[in-house]
Structures are given as structure tokens and as C-alpha cells.
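**Q** Input: one structure, supplied below.
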Amino acid sequence: LFMSGVVNSGGSLNHLMSGIVRSALELGLVDQYLDYLHELYSARLGRMDALIRKHFPSSIAYSVPSGGYFFWLKLPDSLLATDPLEAAKKHNIRFHSGNSFSADNAFPHHIRLAFSFYGDEITEGGMSQLGTILHQLIN
């Protein structure tokens, strides 16, 4: 038994939010929103895939994700994931190196790109610029 007066007296920490969530569930709004998100993220995934193929060097390997919100790209062995970071930051482009997600630094040539957060215009500009940076570093 959880010993908290806040929780025990009303059943939750935030009564207003609990009421909103309950109403959304009862009205079927969650299913509608999930359908919307599925369409949105599917389109963004397809868009980023097309932009990678269009702008990035062919020596970069990747596969289209079947789940999650990220593309994982494998750079050529001659290029570390940290190499393009500074140039990318100057253009307000952010990504994470694979080593950020490894306890033993097992992914020094991998980068993770999020496809879910940004709309088409921002994604197009960022992917184009990142492609230019990668071409310069690889060639």
C-alpha cells in the first residue's frame, strides 16, 4: 500500500489531467490521435529515407527502421561519428553518435537521426546540409 495522503485522498497526483485522460479514453479520442500519429510518422519516415538517399554519400549504410523514431546510419570506417558534429552544430543540426548509446563505445562509426520531431522544411534543409558535410569529410 502506497502511503501518501495526496494519492490516497483522490486517486492521483493530478486530478485535472486524470479527468482529461479519462474523458479522452471514453470518447475514443486516443485512437483517433494514434491514427493521426501513425500517418504523420510514416510520412516523416518516408521523407527522411528519401532525403538520405538524395543527399548522403552512397558509402553510408542504413536500413529503414521498422519501429521507433530513429534512423541509425553506419559511416565508413574512415570516419568517426564525432567528426561531423562540430560542422553540423554550426548549421544548427544535431544528432547523436552511436557511442552515446553503448556502454563499451561499440558504435564509433554510427549516428542516430530522429525522423519524428521536425516537419518537412526543417528536415529538408538539415538533411541537405548534413549531406554536404558528410560528402566533404568522406571525399
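The values are calculated or read from the model by the stated rules, or taken from the named source; none is laboratory data. Please read all numbers here as calculations on a predicted model, not as lab measurements. Note: ideal-geometry Cβ built from the backbone for every residue, glycine included; neighbour counts use all protein chains shown. Just the protein is used for accessible areas: all its heavy atoms, side chains included, with ligands, DNA and RNA removed. Shrake-Rupley method; radii C 1.70, N 1.55, O 1.52, S 1.80 Å.
**Q** Among the residues of the stretch 74-95, write down those that are in a loop (DSSP other than H, G, I, E, B), touching a strand residue (DSSP E or B) at 6+ places or on another chain (Cβ under 9 Å) and crowded, with 16+ Cβ neighbours inside 10 Å.
**A** Once the filter is applied, which keeps residues that are in a loop (DSSP other than H, G, I, E, B), touching a strand residue (DSSP E or B) at 6+ places or on another chain (Cβ under 9 Å) and crowded, with 16+ Cβ neighbours inside 10 Å, the stretch 74-95 yields 75, 80, 81, 84, 95.
**Q** Please work out if residue 71 is open to solvent by less than 90 Å² (accessible area, probe 1.4 Å), outside any helix (DSSP H, G or I) and touching a Gly at 6+ places or on another chain (Cβ under 8 Å). Before the answer, list the steps.
**A** Values: open to solvent by less than 90 Å² (accessible area, probe 1.4 Å): yes; outside any helix (DSSP H, G or I): yes; touching a Gly at 6+ places or on another chain (Cβ under 8 Å): no.
No; evaluated as a whole, the condition is false for this residue.
**Q** Please work out if residue 107 is over 30 Å from residue 36 (Cβ atoms) and aromatic (Phe, Trp, Tyr). Explain how you work it out, then say what you get.
**A** Numbers: over 30 Å from residue 36 (Cβ atoms): yes; aromatic (Phe, Trp, Tyr): yes.
Taking the combined requirement at face value, the residue satisfies it.
**Q** Taking the residues in the stretch 105-135 that are without any contact (Cβ under 8 Å) to a residue 24 or more places away in the chain and in a helix (DSSP H, G or I) as candidates, determine which candidate is farthest from residue 45 (Cα to Cα).
**A** The extreme case among them is 125.
**Q** What number of residues in the stretch 34-58 are open to solvent by 60 Å² or more (accessible area, probe 1.4 Å) and in contact with a helix residue (DSSP H, G or I) (Cβ under 8 Å, 6 or more places away or on another chain)?
**A** 2
Results for (1) of a type in the set (Phe, Trp, Tyr); (2) modelled with pLDDT of 95 or more; (3) more than 30 Å from residue 135 (Cβ to Cβ), shown as yes or no for each residue.
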site: 3; (1), (2), (3): no, no, yes
site: 13; (1), (2), (3): no, no, yes
site: 17; (1), (2), (3): no, no, yes
site: 23; (1), (2), (3): no, no, yes
site: 27; (1), (2), (3): no, no, yes
site: 55; (1), (2), (3): no, yes, no
site: 59; (1), (2), (3): no, yes, no
site: 72; (1), (2), (3): yes, yes, no
site: 76; (1), (2), (3): no, yes, no
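**Q** For residues that are more than 14 Å from the chain's Cα centre (by Cα) and assigned to a loop (DSSP other than H, G, I, E, B), scanning just the stretch 59-68, find the one that is surrounded by the fewest Cβ atoms within 10 Å (Cβ to Cβ).
**A** 63
**Q** Give me the pairs, please: first residue somewhere in the stretch 27-50 and over 22 Å from residue 65 (Cα atoms), second residue anywhere and in a helix (DSSP H, G or I), beta-carbon distance under 7 Å, and either six or more positions apart or on two chains.
**A** From the stretch 27-50, the pairs are 30/24.
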